[in-house]
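J.: Mind having a look at this structure? Questions to follow.
The values are calculated or read from the model by the stated rules, or taken from the named source; none is laboratory data. Predicted model only: the values in this text are computed from it and were never measured. Methodologically, a virtual Cβ is constructed for each residue, glycine included, from the backbone with ideal geometry; neighbour enumeration extends over all protein chains shown. Just the protein is used for accessible areas: all its heavy atoms, side chains included, with ligands, DNA and RNA removed. Shrake-Rupley method; radii C 1.70, N 1.55, O 1.52, S 1.80 Å.
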Amino acid sequence: MKFARVVMIAVVLCSMAVVGSRAQTKSTEEVTALLREFIAGAGSGDKAIFEKFFADDVIYTRATGIVITKADIMTSLGKPASSSEGKSSYSADDITVHEYGDTVIVAFRLEGRTEHGDGKVEQAHYRNTGTFLRRNGRWQAVAWQATKISDTAKTQ
């Protein structure tokens, strides 16, 4: 009888672990998909993409060390790009995701590529870390940190 009870408890606990890991996997998939969608569209300057991605109370620390808000981000999108700025595109790799219930931490390597009107191509590499919260069933970034990877660090 005791053996049957132990087996039953083990089965229940294993079942709970499987259900929990499926939920974590779903969260990882959702946040990773949101990140990829944002990175694919960020170069367009489409306000809707930024509105969806960043929470209203986001704290964003730029690679320069300047802290900005969502309002700052949205205002910068309203400014027309000069012809010398060129067209930008982004890609991400080395994505790591850690889940903590309704909080997900993401770290990844970002490559920015800008094609200038004169044909010159400029590339920059960053390490980004973001904290996402699920609010009302929707994931959004509430904290963001961008760090530029130095040329010497790229070769190491």
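J.: Are any residues in region 18-39 at pLDDT 95 or above, open to solvent by 30 Å² or more (accessible area, probe 1.4 Å) and of a type in the set (A, V, I, L, M), and if so, which ones?
T.: Scanning region 18-39 gives a single hit, ALA33.
J.: Consider GLY43 against the criteria (1) modelled with pLDDT of 85 or more; (2) open to solvent by 50 Å² or more (accessible area, probe 1.4 Å): it satisfies all of them except one. Which criterion is unmet?
T.: If we test GLY43 against (1) modelled with pLDDT of 85 or more; (2) open to solvent by 50 Å² or more (accessible area, probe 1.4 Å), just (2) comes out false.
J.: Among the residues of region 90-119, how many are among the β-branched types (Val, Ile, Thr) and closer than 16 Å to VAL142 by Cβ?
T.: Matching residues across region 90-119 total 5.
J.: In the list ARG113, ARG109, ARG127, which residue meets the criterion of being over 22 Å from THR25 (Cβ atoms) and open to solvent by less than 70 Å² (accessible area, probe 1.4 Å)?
T.: ARG109
J.: Can I ask one more? Scan (1) assigned to a strand (DSSP E or B); (2) touching a residue at least 60 places away in the same chain (Cβ under 8 Å) for the single condition LYS52 breaks and write down its number.
T.: (1)
J.: A further question on this structure: Count, please, the residues in region 130-151 that happen to be open to solvent by 20 Å² or more (accessible area, probe 1.4 Å), within 19 Å of ASP94 (Cα to Cα) and either in contact with a strand residue (DSSP E or B) (Cβ under 7 Å, 6 or more places away or on another chain) or aromatic (Phe, Trp, Tyr) (or both).
T.: So the answer is 5.
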